[in-house]
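The values are calculated or read from the model by the stated rules, or taken from the named source; none is laboratory data. Keep in mind it's a predicted model, so treat the numbers as computed, not measured. Virtual Cβ from ideal backbone geometry, glycine too; neighbours counted across all protein chains shown. Side chains are part of the model used for accessible areas, which takes the heavy atoms of the whole protein and leaves out ligands, DNA and RNA. Shrake-Rupley method; radii C 1.70, N 1.55, O 1.52, S 1.80 Å.
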Amino acid sequence: MTKVAIIGAGPCGLSALRSFEQAEKKGEKIPEIICFDKQEDWGGLWNYSWRTGSDQYGDPVPNSMYRYLWSNGPKECLEFADYSFDEHFGKPIPSFPPREVLYDYILGRVKKGNLKDKIRFNTSITNVTYDGNSFEVTYRDKKDDKISKDIFDYVIVSTGHFSVPFIPEYSGMKSFPGRIMHSHDFRDAEEFRNKNVIVLGSSYSAEDVALQCHKYGAKSVTIGYRHNPMGFKWPKEMKEVFHLDRLEGNKAIFKDGHEQEADAIILCTGYLHHFPFLSEDLKLKTGNRLYPPMLYKGVLWQNNHKLMYLGMQDQFHTFNMFDCQAWFARDVIMGKIKIPDNSEIEKDINKWVSMEEKLENPDQMIDFQTEYTKELHTLSDYPKIDFELIRKHFKEWEHHKVENIMTYRNKSFSSPVTGSVGPIHHTPWETAMDDSSKAFLNQSKN
Ligand SMILES: Cc1cc2nc3c(=O)[nH]c(=O)nc-3n(C[C@H](O)[C@H](O)[C@H](O)COP(=O)(O)OP(=O)(O)OC[C@H]3O[C@@H](n4cnc5c(N)ncnc54)[C@H](O)[C@@H]3O)c2cc1C
Ligand SMILES: NC(=O)c1ccc[n+]([C@@H]2O[C@H](COP(=O)([O-])OP(=O)(O)OC[C@H]3O[C@@H](n4cnc5c(N)ncnc54)[C@H](OP(=O)(O)O)[C@@H]3O)[C@@H](O)[C@H]2O)c1
């Protein structure tokens, strides 16, 4: 019997498990599947951990999520085609839920089956090699500190790529008297109440960590961008300045001459695609981009079609794109999708990579990833979902952010699955301090 290893039980790994489950429900014979996750429970980054550094077994903590994190895009854009928010919550809910609500949703559909039985938790994959015929997968049971090996026909890598921080160094860091941390280790903005905070970066973490610090009472937040500013209309206690030059004592000196006293520096400088467990011939090497090279249809490893990667792209689309990838990978494994010859594969990859390299603005990037996801969708029986509506929502969302970065999360969108419209949340995001599911879902607070 064909044997498949899925590495990681975050949203991507769960999409893969779900895809096989759906085929089995239709009466198809599915391969033997074992999913491994180094955490003690499923949900990937959404399974919040207070821990930073290493866990009780000495293993690096993969989690980068923090308290009070709310979805940064409309939930309607990430909705599963086969499991709507309305079905999970029994009613329409507002469009920008906090982490706990999304975590509950992600797990809702997989909890309905017996998929948990297929997952080995507290198990780190430490080595994967290919001998020309099959994969040898080595794993460590963290609780028993026991190393084992197993042979698989296919490997699906769904280990995420927002877990291993990229940490640059700037002159003066060694003698800075305050705290220096990466957003990977950021857990609670309360820590920075009444503090002067420097945030480095100009992408989603920089934007959200800076806003969190402001929301929870930082005295000032200074964001240092390297190439392009985010350019939002920030509240008066926040500003965006050009590139950190150096630190002198507790003073941050920027390349535009700006100087700011600082109590803490938060490096929102992104993450590394890091796969220390894969042998060199299997290892994806890329930065955070919309079309990493060497992946046919963004999934299949060009040099070995029995190796698949899920969710390795930079992401506008998330959960339903992961599903389309998982359904595609499943159908390749089950022989339902014919893989073209090597020159066709190369041509296809080059086409997408060169299109990606010409993208100039967020609207074009949204179009690019929507087109990619739409194409993938046509290749499997993943249920119908309105990607044109999702495209429209993403663009509207971008414009809401430009209009007012403090209020974009108060807007509402319609579902690409059920058509229902998210109600306006009872409390504007800026003053909603309680991020629990209970508080969020209690619309009667209105
Ligand atoms: C701070 C932050 C906020 C985000 N907010 C949003 C948001 O609001 N909306 C949104 O749609 N997306 C958001 N994202 C994007 C996020 O990437 C996806 O939502 C999603 O979590 C990606 O799923 P994944 O399965 O690829 O990876 P992950 O969620 O990272 O899951 C990977 C899993 O693989 C396991 N693993 C890793 N290495 C090994 C190993 N060697 N052996 C065994 N198991 C291993 C990990 O334990 C983990 O459980 C956010 C990301 C970050 C960092
Ligand atoms: N739900 C939420 O609210 C939320 C919150 C946080 C993160 N997220 C998610 O988390 C994921 C990761 O986002 P991310 O922002 O961490 O990573 P990212 O999108 O890869 O961005 C990395 C940033 O680091 C900057 N950078 C790199 N090296 C630098 C240096 N030496 N000095 C200054 N800046 C440097 C880059 O700047 P250049 O552009 O100049 O290269 C870029 O702005 C995204 O999917 C995002 O959606 C979501």
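So the values come out like this:
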item: Environment charge at L379 (Cβ cut-off 13 Å; Lys +1, Arg +1, Asp -1, Glu -1); result: 0
item: Rg/Rg_ref, region 116-224, where Rg_ref = 2.2 N^0.38 Å and atoms are Cα; result: 1.58
item: Gaussian network model of the chain, Cα within-10 Å springs - most flexible of S175, S124, S134; result: S175
item: Surface per residue (accessible, 1.4 Å probe) for the chain, Å²; result: 42
item: Once the Cα gyration tensor of region 245-338 is diagonalised, semi-axes √(5λ) in Å; result: 41, 15, 10
item: Set K38/K374; K112/K338; K38/K118; K25/K116; K38/K336; K26/K384 screened for pairs whose C-alpha atoms are more than 24 Å apart; result: K38/K374; K112/K338; K38/K336
item: Rounded if a/c under 1.5, otherwise prolate or oblate - region 316-397, Cα gyration tensor axes; result: oblate
item: Burial order of peptide ranges 157-169, 137-149 (average beta-carbon count within 10 Å, highest first); result: 157-169, 137-149
item: Most fluctuating residue given options R18, R193, R99, as computed from a GNM of the chain linking Cα atoms under 10 Å; result: R193
item: Proportion of all alpha-carbon pairs of region 1-98 beyond 23 Å (%); result: 43
item: Dipole magnitude (debye, nearest 20) for region 363-446, charges at Cβ of Lys, Arg, Asp, Glu; result: 320
item: Net dipole in debye of the chain [+1 Lys, Arg Cβ; -1 Asp, Glu Cβ; about Cα centre; nearest 20]; result: 600
item: The chain: most fluctuating residue of S54, S183, S414 per GNM, C-alpha cutoff 10 Å; result: S54
item: Dimensionless Rg ratio for the chain, taking C-alpha atoms and the 2.2 N^0.38 Å reference; result: 0.99
item: Options Q22, S158, V353, ranked by Cα towards positive dipole end of the chain, top entry (Cβ charges); result: Q22
item: Check: region 30-149 dipole with +1 on Lys, Arg Cβ and -1 on Asp, Glu Cβ, in debye; result: 240
item: With Cα atoms, 0 to 90° folded angle of helix 387-403 axis to the chain main axis; result: 10
item: Sequence-distant lysines (8 or more away, or on other chains) whose Cα lies within less than 24 Å of K215; result: K75, K195, K233, K236, K239, K251, K401, K411, K438, K445
item: Listed residues A252, P276, F242: farthest to the positive end of the dipole of region 236-279 (Cβ charges); result: P276
item: Length-normalised contact order of the chain in % [C-alpha pairs under 8 Å, at least 6 apart]; result: 19
item: Positive-end extreme of charge dipole, the chain - chosen from S436, I198, C213 (charges on Cβ); result: S436
item: Rounded if a/c under 1.5, otherwise prolate or oblate - region 17-72, Cα gyration tensor axes; result: oblate
item: Percent carbon-and-sulfur accessible area, the chain, ignoring ligands, DNA and RNA, probe 1.4 Å; result: 49
item: Principal axis box of region 222-270, alpha-carbon based, largest edge first, Å; result: 30, 23, 22
item: Per-selection metrics, region 304-446 (Cα): Rg and Dmax in Å; result: 18.9, 60
item: Degrees between helix 99-111 axis and first principal axis of the chain (Cα, 0 to 90, nearest 10); result: 10
